[in-house]
1. Every residue in the stretch 26-40 that is of a type in the set (Ser, Thr, Tyr) and closer than 18 Å to Leu74 by Cα, please.
2. Considering only residues that are loosely packed, with under 15 Cβ neighbours inside 10 Å, among the polar types (S, T, N, Q) and within 29 Å of Lys28 (Cβ to Cβ), which ones fall in the stretch 38-77?
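Rule-based calculations on the coordinates, nothing more; no lab input. Quantities reported herein were computed from a predicted structural model and do not represent experimental measurements. Virtual Cβ from ideal backbone geometry, glycine too; neighbours counted across all protein chains shown.
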Amino acid sequence: MAGDTYWAFPPQAVMPVPIPAEVLRELKATYGPSPQERWGIAVMVVTAVVALIGSWYSHCPLPLVGAFSLGALLTAAMDSE
């Protein structure tokens with residue numbers, strides 16, 4: 001399994017594979033989230049706030065369920081491991 005996490009250099013070509021988890025954690029600690037990740041986090045926060053207000057006014061938990069579902073999908077999409 002360890003061989004699946006490094007760059008392979010076959011003759012005359014390069015095959016990209018995932019960056020090792022330790023290196024990725026170090027990069028994230030140094031540079032922070034990418035612009036796409038910042039956008040996803042902002043969408044999740046705005047959706048949660050709108051769902052909270054909508055749920056409070058309508059006395060229905062359905063907007064919160066939708067916000068939770070969107071948050072779960074975006075979190076899964078941003079998870080690189």
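1. Ser34 - this is the single residue of the stretch 26-40 that is of a type in the set (Ser, Thr, Tyr) and closer than 18 Å to Leu74 by Cα.
2. The answer is Ser69, Thr75.
Here's the yes/no breakdown for (1) in a helix (DSSP H, G or I); (2) in contact with a Ser or Thr (Cβ under 7 Å, 6 or more places away or on another chain); (3) not β-branched (Val, Ile, Thr):
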{"position": "Trp39", "(1), (2), (3)": "yes, no, yes"}
{"position": "Ala48", "(1), (2), (3)": "yes, no, yes"}
{"position": "Ala51", "(1), (2), (3)": "yes, no, yes"}
{"position": "Gly54", "(1), (2), (3)": "yes, no, yes"}
{"position": "Cys60", "(1), (2), (3)": "no, no, yes"}
{"position": "Pro63", "(1), (2), (3)": "yes, yes, yes"}
{"position": "Phe68", "(1), (2), (3)": "yes, no, yes"}
{"position": "Thr75", "(1), (2), (3)": "yes, no, no"}
